[in-house]
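The values are calculated or read from the model by the stated rules, or taken from the named source; none is laboratory data. Quick caveat, the model's predicted, so the values are computed rather than measured. Cβ: placed from backbone, ideal geometry, glycine included. Neighbour counts: every protein chain shown.
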Amino acid sequence: MADVILTSRFATKDSHTLASYVADGGYGAAKKALAMTPEQVLEEVKKSGLRGRGGAGFPTGMKWGFIPKSDKPVYLCINADESEPGTFKDRYLMDLDPHLLIEGIIISCWAIRSHDCYIYIRGEYHSTYDVMQKALDEAYAAGYLGDDVAGTGFRLHCTMHKGAGAYICGEETGLIESLEGKKGEPRIKPPFPAIVGLFGCPTIVNNVETITCVPWIIEHGGEAYAKIGVGKSTGTKLWCVSGHVKKPGLLELPLGLPFKTMLEEHCGGMRDPKRPLKAVIPGGSSVPVLTAAEMMDCNLDYESIAAKGSMLGSAGMIVIEEGTCMVWTLAILTRFYADESCGQCTPCREGTSWVNDILWRIERGGATPKDIDLLHNLCDNMMGKTICVLADACVMPVRSFLEKFGAEFQAHFEHGSCPQAEPVHI
Amino acid sequence: MESKVEFRPAPLRVPEGEPFRLSDAALAEIERLAPRYATRAALLLPALWMVQRQQGYISEASMRHVAAVLGVSPVKVYSVVTFYHMYHESPPGRWNIQVCHNLSCSLLGAEKLLDLLHAKLGVGEDEPTADGRFMIQRVECLGACEHAPVCQINDDFVFDVTPKDLERKLDELK
Ligand SMILES: Cc1cc2nc3c(=O)[nH]c(=O)nc-3n(C[C@H](O)[C@H](O)[C@H](O)COP(=O)(O)O)c2cc1C
Ligand code: SF4
Ligand code: FES
């Protein structure tokens with residue numbers, strides 16, 4: 001069945017074990033790929049139209065194609081840092097089907113001619129780390145990793161690497177710095193990692209979900225994958241739904257389904273019928289917020305969400321009900337960026353905490369309407385002026401909240417602080 | 001006027017601590033991993049995790065030891081330890097209760113959990129209780145928002161936490 005590709009084995013007993021994976025035909029795609037040339041594998045991935053699932057949506061085949069021909073080692077880094085607020089899909093993939101990721105790694109490394117892969121996993125995923133490490137040990141013991149992968153002579157080593165609590169290590173060059181044993185401070189680009197990455201060598205950084213799509217693409221062909229979804233949004237997508245819905249959780253849906261269908265049929269609607277939908281943050285906390293009206297006629301694919309002025313991002317969808325204070329919500333969102341800025345760029349280091357301070361002042365008292373001008377001014381001085389896009393990720397929520405929920409900010413000024421006794425119903 | 005800056009306070013100095021040496025097993029593990037990386041410095045995060053597992057926190061003595069083992073400068077180790085939130089620069093409580101305060105958890109009651117913890121334990125954030133049993137930490141999104149509100153107690157997730165669950169935990173954990 002084509003509409004579930006990544007989660008099809010989640011309900012299987014002991015789905016995380018090698019025995020169960022192989023019994024379901026696992027590692028067949030890897031064997032198929034290793035009998036193809038790397039160029040043929042790359043061609044299939046290009047044909048699939050697969051786009052990176054880490055947030056930016058960059059075409060995966062095209063990115064792999066940027067690796068220059070040289071004698072230098074090539075590295076693959078799996079981005080399992082999963083720290084974008086609202087996002088929890090990679091945890092499920094690694095917990096419930098770790099061998100799918102390993103098979104994707106084998107195929108991807110073959111395509112880009114890499115012999116060393118690192119899985120950079122966020123420090124907080126302790127038990128997931130153990131599941132992944134165990135799966136790697138099984139794969140080594142069965143000869144799917146090591147000096148002679150599946151008897152083909154292909155050498156591939158794969159190593160778990162644990163982060164230690166820093167959102168910025170999810171940014172691909174921050175991740176590379178962290179892997180090198182440094183503070184996770186993003187690098188100035190260009191050069192891009194495909195040219196100068198880990199240890200100064202060509203490097204591809206891909207999200208967990210991106211790589212787990214690869215075995216299906218090789219097994220069924222890029223064209224079959226491209227038939228799922230709509231337009232340039234090919235394939236299925238994992239959605240992480242949290243917030244005020246009746247049934248929060250992980251969903252795999254073909255790209256292009258209406259949000260309304262997702263909410264009503266898959267999430268059981270809002271949790272409290274007296275409090276209808278107010279707003280949705282569709283792609284992790286770093287993307288512009290959309291109002292209920294914008295969302296209710298929005299389809300869930302890259303282009304449709306972009307047409308509404310937001311982004312699919314990491315597909316971490318935070319659903320907010322009527323009666324939630326949006327000033328308070330934005331103060332919580334921006335606190336994260338203030339806390340996680342790596343501090344290299346002045347506009348980001350100073351701007352994120354300044355913005356956050358102002359928002360708490362509006363929420364708790366002591367602000368004046370002039371602070372709105374100051375917020376806009378700060379946003380103008382942050383957006384597009386920094387080494388990485390963390391500063392932009394703070395600006396986008398701020399601007400969209402001010403634009404769409406400006407009246408609530410005014411009400412705070414008139415009241416002197418939050419007019420609600422409780423900013424949220426619990 | 002209340003304008004509360006919501007940062008974790010960074011300690012000004014890291015305690016010197018007891019003389020420190022990684023266990024033989026940990027040192028062997030470092031040598032086993034070394035061929036996987038192009039530089040020894042790349043083993044810094046793994047080595048610091050080993051220190052924290054062995055000693056519970058990362059003292060100044062252990063930083064100098066790790067610097068010597070990996071051939072990097074002690075100040076570089078210090079800069080890395082202080083950059084990452086999960087490395088403890090002083091001994092945490094036996095049970096480190098980490099409450100996610102990001103949006104999905106806040107929408108469903110994270111602040112109530114924090115209020116309860118502070119009231120019950122009588123300490124602020126990042127300071128262990130006098131008996132060394134507990135510490136309260138605010139943390140960012142733990143990647144489990146479908147189970148909001150979420151905590152981690154030491155290395156383990158606690159999902160869909162209610163104030164009642166938390167009270168029970170406080171009694172259970174010795
Ligand atoms: C501040 C910041 C944080 C990021 N965090 C993550 C993350 O946790 N996981 C992830 O896969 N990508 C994250 N990204 C995106 C990565 O930089 C990169 O685009 C991605 O890993 C590429 O993989 P993909 O092409 O497979 O999506 C982040 C980007 C930024 C700017
Ligand atoms: S924008 Fe912020 S997080 Fe990104 S490099 Fe600059 S200071 Fe660091
Ligand atoms: S917001 Fe708390 S786990 Fe994601």
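Worth pointing out:
- Listed by first and then second residue, the pairs with beta-carbon distance under 7 Å, at least 6 apart or on different chains, first residue in the range A:103-127 and outside any loop (DSSP other than H, G, I, E, B), second among the charged types (D, E, K, R) and surrounded by fewer than 24 Cβ atoms within 10 Å (Cβ to Cβ), are A:ILE121/A:LYS162; A:HIS126/B:ASP155.
- Just one of the listed residues (B:PHE83, B:PHE157) is within 29 Å of A:VAL245 (Cα to Cα) and aromatic (Phe, Trp, Tyr), namely B:PHE157.
- Per-region count, the range B:126-151, residues more than 12 Å from the chain's Cα centre (by Cα), more than 17 Å from B:THR162 (Cα to Cα) and not in a loop (DSSP other than H, G, I, E, B): 1
- Of everything in the range B:115-161 that is among the β-branched types (Val, Ile, Thr) and touching a residue at least 12 places away in the same chain (Cβ under 8 Å), the residue that is nearest to ligand 1 (Cβ to nearest atom) is B:VAL139.
- Leading residue by the ranking (surrounded by the most Cβ atoms within 10 Å (Cβ to Cβ)) among those in the range A:244-266 that are farther than 14 Å from A:ALA315 by Cβ and within 14 Å of another protein chain (Cβ to nearest Cβ): A:HIS244
- In the set A:ALA307, A:ALA292, only one residue is surrounded by fewer than 20 Cβ atoms within 10 Å (Cβ to Cβ), farther than 24 Å from A:ARG53 by Cα and either touching a strand residue (DSSP E or B) at 6+ places or on another chain (Cβ under 7 Å) or more than 11 Å from chain B (Cβ to nearest Cβ) (or both); that residue is A:ALA292.
- Scanning the range A:94-115 for residues that are touching a Leu at 6+ places or on another chain (Cβ under 9 Å), away from every other protein chain (no Cβ under 12 Å) and not small (Gly, Ala, Ser) returns A:ASP97, A:PRO98, A:HIS99, A:LEU100, A:LEU101, A:ILE102, A:ILE105, A:ILE106, A:ILE107, A:CYS109, A:TRP110, A:ILE112.
- Considering only residues in the range A:167-186 that are within 10 Å of chain B (Cβ to nearest Cβ) and surrounded by 24 or more Cβ atoms within 10 Å (Cβ to Cβ), the one that is nearest to A:VAL389 (Cα to Cα) turns out to be A:ILE168.
- Cross-chain or 6+ apart pairs with Cβ under 6 Å, the range A:153-177 first and under 24 Å from A:ILE106 (Cα atoms) and away from ligand 1 (no atom under 16 Å from the Cβ), then acidic (Asp, Glu) and in a helix (DSSP H, G or I): none
- Qualifying residue in the range A:59-72 (condition: away from ligand 3 (no atom under 16 Å from the Cβ) and within 14 Å of chain B (Cβ to nearest Cβ)): yes
- Tallying residues that are within 14 Å of chain B (Cβ to nearest Cβ) and more than 16 Å from ligand 1 (Cβ to nearest atom) within the range A:364-391 yields 7.
- Only one of the listed residues (A:LEU93, A:LEU101, A:LEU76) is more than 29 Å from B:ALA148 (Cβ to Cβ) and buried (at least 24 other Cβ atoms within 10 Å of the Cβ). That residue is A:LEU76.
- Taking the range A:237-354 and the strands (runs of 3 or more DSSP E) fully enclosed by it, the elements with 3 or more residues that are within 20 Å of the chain's Cα centre (by Cα) are at A:249-254, A:316-321.
- From A:ARG335, A:ARG399, A:ARG361, residue being away from ligand 2 (no atom under 14 Å from the Cβ), closer than 18 Å to A:SER285 by Cα, basic (Lys, Arg) and at the interface with chain B (Cβ under 10 Å from one of its Cβ atoms): A:ARG335
- Just so you know, in the range A:144-166 the residues that are assigned to a strand (DSSP E or B), among the hydrophobic types (A, V, I, L, M, F, W, C) and out of contact with any Asp or Glu (no Cβ under 9 Å at 6 or more places or on another chain) include one that is farthest from the other protein chains (Cβ to nearest Cβ), and it is A:VAL149.
- Looking across B:GLY109, B:GLY143, one residue alone is modelled with pLDDT of 95 or more, surrounded by 21 or more Cβ atoms within 10 Å (Cβ to Cβ) and on the phi > 0 side of the Ramachandran plot. It is B:GLY143.
- Meets criteria (away from ligand 3 (no atom under 16 Å from the Cβ), under 15 Å from A:LEU76 (Cβ atoms), away from chain B (no Cβ under 14 Å) and part of a strand (DSSP E or B)) for A:ILE204: yes
- Breaking point among (1) part of a loop (DSSP other than H, G, I, E, B); (2) over 24 Å from A:TYR120 (Cα atoms); (3) within 16 Å of ligand 1 (Cβ to nearest atom), for A:SER70: (3)
- When the residues of the range A:408-424 are filtered to those that are assigned to a loop (DSSP other than H, G, I, E, B) and free of Cβ contacts under 8 Å to residues at least 60 places away in the same chain, the one that is surrounded by the fewest Cβ atoms within 10 Å (Cβ to Cβ) is A:ALA421.
Yes/no matrix, rows are residues, columns are (1) within 28 Å of A:THR152 (Cβ to Cβ); (2) of a type in the set (Gly, Ala, Ser):
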| site | (1), (2) |
| --- | --- |
| A:ALA11 | no, yes |
| A:ASP24 | yes, no |
| A:LYS32 | yes, no |
| A:ALA35 | yes, yes |
| A:ILE67 | yes, no |
| A:ASP71 | yes, no |
| A:VAL74 | yes, no |
| A:PRO85 | no, no |
| A:LEU101 | yes, no |
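- Any hit, the range A:112-119, residues being under 19 Å from A:PHE10 (Cβ atoms) and more than 19 Å from the chain's Cα centre (by Cα): no
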